[in-house]
Amino acid sequence: MVKPGGARYFHIELSSRYRWYVAPTRLVLVALSGILGVSILWSVAQTVMTMRDQRDMQVRFDHVRMQDHQLLAEAQQEGIELSGPSLQQLPAEVSLANQLLTKRHFSWTQFLSALEEAIPRHVSIKSIRLDPGSAVVYMTGLAVTVEDVTALTVTLQDHALFRDPVLGQHRVGPDGLVEFDLTLRYRQPGV
């Protein structure tokens, strides 16, 4: 802007004076601009990847939903009820099926052979009851002395297939023999 007489209004010459802080400030501003640009690009890339993952998850979810509808349709065709109460009963039925499979594969021959190995000389077994589901063995028997019952318990404790023998009770019978009750756990070979 020039006055009619040739003089200039507000003429400021900034380059006529040296300012030492202008060059570092300019470098800091350029660096901050670069960092800001990189962070914007990184945010855009993360947003794109998140949207892609969300789209993939939605496709998988739709696939699972379709399989669920197919399963429900097949169950209705087969006459299977998949209501809430029947699904709550399902774990008990699965447990029963597992117990039946365990009973089916249980070998009495292996069990009785292992038990015969473990019984000391002066002990006889009167009854054996096995719960295959929990693999707990309930035994009653006779022994000549209490030490024989203790020897049986120790032998069963050290045996590879039996564990946790617990002597329930023992008493001396009228014939002088020690009657005892014993429980232990049986570890079926190969299971």
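Please find, within segment 167-189, the residue that is surrounded by the most Cβ atoms within 10 Å (Cβ to Cβ) out of those that are free of Cβ contacts under 8 Å to residues at least 60 places away in the same chain and under 31 Å from the mean Cα position of the chain (by Cα).
Here the residue is LEU184.
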Has segment 65-75 got any residue that is exposed (fewer than 10 other Cβ atoms within 10 Å of the Cβ) and over 29 Å from the mean Cα position of the chain (by Cα)?
no
For residues in segment 127-165 being of a type in the set (Ser, Thr, Tyr) and closer than 19 Å to GLN110 by Cβ, which is surrounded by the fewest Cβ atoms within 10 Å (Cβ to Cβ)?
SER134
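Bear in mind these aren't lab numbers, they're just calculated from the coordinates by the rules spelled out. No experiment lies behind these values; they were computed from the predicted model shown. Positions of Cβ are generated from backbone atoms using ideal geometry, with glycine treated the same way; all protein chains shown enter the neighbour counts.
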